[in-house]
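A short worksheet on the structure shown next.
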Amino acid sequence: VLASLPLQMMLYFNVYYFPVWCLAEGMMLQLKYHLLPWHYQFLLVAAFLILSLAEGSRLYLGYVGNLQQK
């Protein structure tokens, strides 16, 4: 089974940088949350959750798919 080494390295580093991004984005969202109107609050929280779930699943599927050549 041949896996793509550059892709695996990018996924590996992205797995470690993703929690840092989540923490930084969550802290910035918390700081400006009370200054925004309610509809922007809802949109920001929804976008943050959707992006976090999408990135987590993308990393998992990329990691598994690269190692299994799928």
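Excluding ligands, DNA and RNA, the accessible surface per residue across the chain is 82 Å² with a 1.4 Å probe. When E25, E55 are compared by accessible area at a 1.4 angstrom probe, the order from most to least is E25, E55. Over the chain, dividing the summed -39,500 (n - 2.57) contributions of all DSSP H runs of at least 4 residues by the number of residues returns a 222 nm mean residue ellipticity of -30500 deg cm²/dmol. Binning all Cα-Cα separations of the chain at 10 Å, short to long from zero, yields these whole-percent fractions: 18, 39, 23, 14, 5, 0. Here region 5-69 exposes an accessible surface that is 77 percent carbon and sulfur, computed with a 1.4 Å probe and the other protein chains kept in place.
The values are calculated or read from the model by the stated rules, or taken from the named source; none is laboratory data. Not measured: the values here are computed from a predicted model. Just so you know, the surface numbers come from the protein's heavy atoms only, side chains and all, with ligands and any DNA or RNA stripped out. Shrake-Rupley method; radii C 1.70, N 1.55, O 1.52, S 1.80 Å.
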